[in-house]
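All remarks here apply to the structure that follows.
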Amino acid sequence: KLHSDLDKGVGTVKYTLSGDGAGTVFTIDETTGDIHAIRSLDREEKPFYTLRAQAVDVDTKKPLEPESEFIIKVQDINDNEPKFLDGPYVASVPEMSPVGAYVLQVKATDADDPTYGNSARVVYSILQGQPYFSIDPKTGVIRTALPNMDREVKEQYQVLIQAKDMGGQLGGLAGTTTVNITLTDVNDNPPRFPKSIFHLKVPESSHVGSAIGRIRAVDPDFGKNAEIEYNIVPGDGGNLFDITTDENTQEGVIKLKKPLDFETKKAYTFKVEASNLHLDHRFHSVGPFKDTATVKINVLDTDEPPVFSKPMYTMEVYEDTPVGTIIGAVTAQDLDAGSSSVRYFIDWKNDVDSYFTIDATEGTIATNELLDRESTAQYNFSIIASKVSNPLLTSKVNVIINVLDVNEFPPEISVPYETSVCENAKPGQVIQTVTAADKDLSPAGQRFSFRLSAEASNKPNFTVHDYRNNTAGIETRRNGYSRRQQELYFLPVVIEDSSYPVQSSTNTMTIRVCRCDSDGTILSCNVEAIFLPVGLSTGALIAILLCIVILLVIVVLYVALRRQKKKDTLMTSKEDIRDNVIHYDDEGGGEEDTQAFDIGALRNPKVIEDNKIRRDIKPDSLRFPRQRPPVEDNTDIRDFINQRLQENDVDPTAPPYDSLATYAYEGNGSVAESLSSIDSLTTEADQDYDYLSDWGPRFKILADMFGEEESYNPDKVT
C-alpha cells in the first residue's frame, strides 16, 4: 500500500505505478494506493520486481512528492522437484574392487530458493542396485558395497538413484535417474588348456613356414587381459617347429621350421606353454598365470620329388670356349624309400638357354654355342630334375654361369678424338689430356701405356707424354703454328694394355690450329676467317640478311605488278581485233546441235541408199581394202568430199558416224570464197573489207566491225 502525507482522504491525490510488471503483473488503486498482483508469480521465472510510484494532484496533474522506487520480492515455495540434468549416467569400475571403491558422483539440481527454508536441500538414496552399491546422501558419490565382484559372473548393473528435497522429509518432492555401471576386466584368470595332449598329423611334403596345426588355451578374461603367448618348451623335436599367436582367435599356430623327412623320423613330441602377456600383480597369489600341454606330431609319408645337392649352382667358363666343352654338373637324388632314377633337362624360357645343353642322365652341363663376354657376361637359367618313376614330381634349381674374359680387344682413346692448338702455343704446352677405354673386363691394376707411332715420332710437331696413371698428355714441340701453312695435324697415338696377350691399337687424333688471344682463349678455328680483315658479329650478319630479303621481296612485287598491269591493258582494249578473236571463241554445237543449222542438206542420200550395212556394228568377216582414188588437180571440192565420204561408207572397220562422213558436203561454194588467212594479204592496210556487206545479213556484224576498223586511222595509235 502506498500513502502520501499530503493525502487527506478527500480524493485530491492520484497514485501512479511504473516499472517492471506495472500494468501486466501489478496494478495500483489510484485513489487508495493499494497494489495488487493481477496474475500468479513464479520466483524461478523472476525473483523480484523494481517499481516506481508517485502521488499526483488530481486537478493540476502535478506531482505532489518526488517519485519513489521500491522492490517487490517473490517469496519461494517448494514447487520444483530435484532434477538430474546429466542423467542417465554411465559408469564403470574394475572387477574385484574392494568395498568403498569410487564409481561415480551424481548431482541433482532444485530450482527452488536455497536460502529460504529446505525447499532446495536435496538428499540422495538408492532405490534399486543394493547391496552391490551405495550412495552418499549428501554428496551423491556412488561406491561399491560388496567385495570381489567378478565380471565373469555378472558384468552389467543398473542402479536407480533418487534425489528428494526438503531434506528428505515427508512432503518433499523427488526426482530419479538411472546409472548403468559396467565391471571392467582385470587379469584375474590364468589361461588353461582344455586338454593335456594334442595330436597332429603332418605330411612330410609340407613346406617350411606353413601352418601344420592349431591349439588353444582358454582365458575367461577380456581384451588385452586375455592375450596369450605360446612358447615351445625346449625338448624333443622343438627345434623343427615354431608357434605363434593368432591375434584374432588367440590360438597357437604351429608352423614348420625345418623340412620333415619320414625316412629320417616319423614322430615328434614336445610341450607348449601358454601364458598371459599382461599380468596383474594384485592376483599373483591366485597362482601361476600359465598352463602347459603336450603336442604329438606324426609325420606322414609322401612321394617326394628329387632333391638337389645344392640350393644353387655357380659355374665359370672362358669366352670363346669350344662348343661341347663340359663346364660343370648338377646332382639330384630321390630320398624316398624306393629310390628312383633322376632325369635332368633345362627349363627353356628364352633363347639364352640354348647356349648350353645338359646330359639327361649325368647332369653335366656343356656349351652349345660360342660365348662372348662382351655380349653377355652372365647366364642365369633353371634346371629341372624329375623322377623316372613319377615324372610329375620335379624340382628346380638355379644355375649361374659367369663368362670369364679373354683379352681380345685393344684399348682405344676415349672421346674426344679431336682437339685444338693455338697459333701462339709454346713448346711443351699440354693441349689435351687423353684416357683409354677397353671393351674387355679390365682386371684390377690394369695399366694402359701411351706413345707415338714410329712414323710420327720423327716429326717435330707434337709428342705424347705418358703420365703412368692411365692418362697421357698431348704436348707441343714447336714455338707457334700457322693456319696459313697447315690447318690440321693428324697425330697417331699407340695404346697398349697390360693384360695377356697384350693388345694395342693406333688411334689418330685430329689437331686443329686456331687463332687465340694472349690468354689462350680460342677466337676462331675456321680457315676462312684468315682472310677476313674485320669480323662481323652475329647481329650484324642477321641485319644484312634481312636487308637482302627485303630488297628481293620489293623486286618480286614490282615485277608482279608490271605483269598484272600489262595483262589488264591487253584484256580491256576493245579496238584490238585479236582481242575480239580471243573472246569470240564459239565453235558451234557440233553434230549434237541440230537446232542451229539444218544438216540434212549435207547428207548424201545416194550413198545412204546404196550402203545398207549397219555402221554401229562391226562386221566379223567382211573386210574390204581401202581405196584411194586419185584427186585431179583443180577439182571441185564437192567431188573430193564425195570420194572421202564413199570411202568411209564402204569401210566396215571405220568408226560409226564419223565426223568427216557426217559433215561431208558444204554446197556449191560461197560468195565469200575462202575465209582462210593463208591467202590473205601481208598487211592489214592492203585489206578491203567492203565486200563483207555483200555477203548477206549473216555477215552484217562482221562487216560493221571491220568497217569501223577501216575508218579508224592506225597512224595515230601510240
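Once label points are set 7 Å from the Cα along Cα→Cβ at both Lys83 and Glu263, what is their separation, rounded to one decimal in nm?
Rounded to a tenth, the inter-label distance reads 8.9 nm.
Round to the nearest 0.05 the FRET efficiency obtained for Glu423 and Ile544 when R0 = 35 Å and r is the Cβ-Cβ distance. Don't skip to the end; give the middle numbers.
Values: r = 29 Å, r/R0 = 0.82.
Between Glu423 and Ile544 the formula returns 0.75.
At 7 Å along Cα-to-Cβ for each site, give me the label-to-label distance between Glu362 and Val153 in nm.
8.4 nm
Quick check: residue separation of Lys255 and Lys349 times 0.36 nm, minus the Cα distance between them. What number comes out in nm? Display every interim value, and only then the final one.
Working: separation 94, 0.36 × 94 = 33.84 nm, distance 3.42 nm.
Going from the current span to full extension adds 30.4 nm.
When Rg is the radius of gyration of the Cα atoms in segment 197-300 and Rh is its Kirkwood radius, what does Rg/Rh come to? Before the final figure, lay out each step's value.
Values: Rg = 15.1 Å, Rh = 14.6 Å.
Rounded to two decimals, Rg over Rh is 1.03.
Estimate the FRET efficiency between His465 and Val555 by the formula 1/(1 + (r/R0)^6), using the beta-carbon distance for r and 56 Å for R0, to the nearest 0.05. Let's see the in-between values first.
Details: r = 61 Å, r/R0 = 1.09.
The pair His465/Val555 has a calculated efficiency of 0.35.
Zone of Thr16 (label point 7 Å along Cα→Cβ, backbone N under 14 Å): which residues in segment 37-71?
52-68
Please work out how much length the chain gains when fully extended from Asp704 to Arg214, using 0.36 nm per residue of separation minus the C-alpha to C-alpha distance, in nm with one decimal.
Numbers: separation 490, 0.36 × 490 = 176.40 nm, distance 12.83 nm.
163.6 nm is the gain from fully extending Asp704 to Arg214.
Counting other Cβ atoms within 10 Å of each Cβ, which trypsin sites (Lys or Arg not before Pro) in segment 129-219 have at most 11 and sit in a DSSP loop? If you can, show how the numbers build up before the last one.
On the way: sites: Lys138, Arg143, Arg151, Lys154, Lys164, Arg192, Lys195, Lys201, Arg214, Arg216; in loops: Lys138, Arg151, Lys154, Lys195.
Listed in order of number, the matching sites are Lys138, Lys154, Lys195.
For every other residue with a beta carbon closer than 13 angstrom to the beta carbon of Val421, add +1 if it is Lys or Arg and -1 if Asp or Glu, then tell me the sum. List each step's numbers first, then the result.
Details: positive: Lys426, Arg477, Arg478, Arg483, Arg512, Arg515; negative: Glu418, Glu423, Glu475, Glu487.
That sum, taken over residues with Cβ under 13 Å, equals +2.
Tell me, what % of the accessible area of segment 307-404 is carbon and sulfur with a 1.4 angstrom probe? Mind showing how you got there, number by number?
Details: 2660 of 5210 Å².
Taking all protein chains in place, segment 307-404 shows 51 percent carbon and sulfur surface.
Per q in 0.19 1/Å, what log10 I(q)/I(0) does a Debye calculation on the alpha-carbon atoms of segment 147-226 return?
-0.94
Say a paramagnetic label sat at a point 7 Å from the Cα of Arg447, along Cα to Cβ; which residues of segment 492-520 have their backbone N under 17 Å from it?
Hits in segment 492-520 for Arg447 at 17 Å: 495-504.
Where does segment 412-524 land on Rg/Rh, using Cα atoms and the Kirkwood Rh? Each step should come with its number before you reach the end.
Values: Rg = 15.1 Å, Rh = 14.9 Å.
For segment 412-524, the value is 1.02.
Just to verify a number: FRET efficiency for Val233 and Thr506, C-beta to C-beta distance, R0 = 60 Å, to 0.05?
Working: r = 78 Å, r/R0 = 1.31.
My answer for the efficiency is 0.15.
Extending each Cα 7 Å along its Cβ direction at Leu404 and Val650, get the distance between those two points in nm, one decimal.
10.7 nm
Check each of the GluC sites (Glu not before Pro) in segment 1-79 and keep only those in coil by DSSP with at most 13 other C-beta atoms within 10 angstrom; list them in order.
On the way: sites: Glu30, Glu44, Glu45, Glu67, Glu69; in loops: Glu30, Glu44, Glu45, Glu67.
Qualifying residues, ordered by number: Glu44, Glu45, Glu67.
Given 0.36 nm per residue, what is the gain on full extension from Val286 to Ala377 after removing their alpha carbon distance, in nm?
Details: separation 91, 0.36 × 91 = 32.76 nm, distance 7.03 nm.
Answer, rounded to one decimal: 25.7 nm.
Skipping prolines and chain starts, which residues have an amide H placed within reach, meaning under 5 Å, of the one on Ile400, given they are 5 or more residues away or on another chain?
Tyr313, Thr314, Met315
Dimensions of segment 253-331 along principal axes (Cα, Å, largest first)?
Dimensions of segment 253-331 along the principal axes of its Cα atoms: 82, 31, 15 Å.
Just the number, please: carbon plus sulfur as a percent of the accessible area of segment 59-191, 1.4 Å probe, no ligands or DNA/RNA counted. Could the numbers behind the result be given before it?
Values: 3810 of 7460 Å².
In segment 59-191, the share of accessible area belonging to carbon and sulfur is 51 percent.
The values are calculated or read from the model by the stated rules, or taken from the named source; none is laboratory data. None of the values given here were measured: they were computed from a predicted structure. Neighbour counts run over all protein chains shown; Cβ positions are idealised from the backbone, glycine included. The protein model used for the area step is the full one, side chains on, heavy atoms only, and it has no ligands, DNA or RNA in it. Shrake-Rupley method; radii C 1.70, N 1.55, O 1.52, S 1.80 Å.
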